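Notes to accompany the following structure.
The values are calculated or read from the model by the stated rules, or taken from the named source; none is laboratory data. Since the model is a prediction, treat every value here as computed from it, not as a measurement. Counting neighbours? That spans all protein chains shown, and the Cβs are built from the backbone with ideal geometry, glycine included.
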Amino acid sequence: MKSQIATSCLIIATLLGPVAAHAEDSDKDRTHPITFVKDSVITAKVKAMLADEKMKSLVHIKVDTDAKGAVVLSGKARTQEDADKAVAIASKVEGVTSVTSHIQVKKDD
């Protein structure tokens with residue numbers, strides 16, 4: 001029960017996070033609001049799927065989506081397998097046209 005509530009809260013926060021976080025965005029080609037919403041939805045779906053994996057390493061991965069559905073993953077993963085898994089998860093999301101990984105493999109000290 002608690003895990004369902006926590007998962008629900010995480011998904012809601014993930015859906016609302018991009019709206020607040022992208023107040024000043026470096027992507028200047030988002031001239032139409034529908035494009036921005038589409039990008040945010042893709043980003044939220046990828047983040048939610050990464051969170052569903054319940055792997056601590058995947059929590060440190062940042063997701064950005066451009067106007068054409070191209071996803072860029074960055075951050076740190078414990079192993080190359082975790083980084084590869086994040087790419088595989090992102091590529092399965094509806095609306096994603098490509099996935100670029102800038103994930104660094106670094107073990108926790």
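Quick notes
- With respect to the conditions (1) at pLDDT 90 or above; (2) surrounded by fewer than 17 Cβ atoms within 10 Å (Cβ to Cβ); (3) part of a helix (DSSP H, G or I), Gln104 falls short on a single one, namely (3).
- Candidate set: the range 64-101, residues that are closer than 17 Å to Val41 by Cα and charged (D, E, K, R); chosen: the one surrounded by the most Cβ atoms within 10 Å (Cβ to Cβ): Asp64
- Condition check for Ala90 on (1) at pLDDT 85 or above; (2) farther than 29 Å from Ile5 by Cα; (3) assigned to a helix (DSSP H, G or I): one failure, at (2).
- Close Cβ contacts (under 7 Å, 6 or more residues apart or on different chains) running from residues in the range 31-54 that are modelled with pLDDT under 80 and surrounded by 20 or more Cβ atoms within 10 Å (Cβ to Cβ) to residues that are assigned to a loop (DSSP other than H, G, I, E, B) and not basic (Lys, Arg) comprise Asp39/Asp66; Asp39/Ala67.
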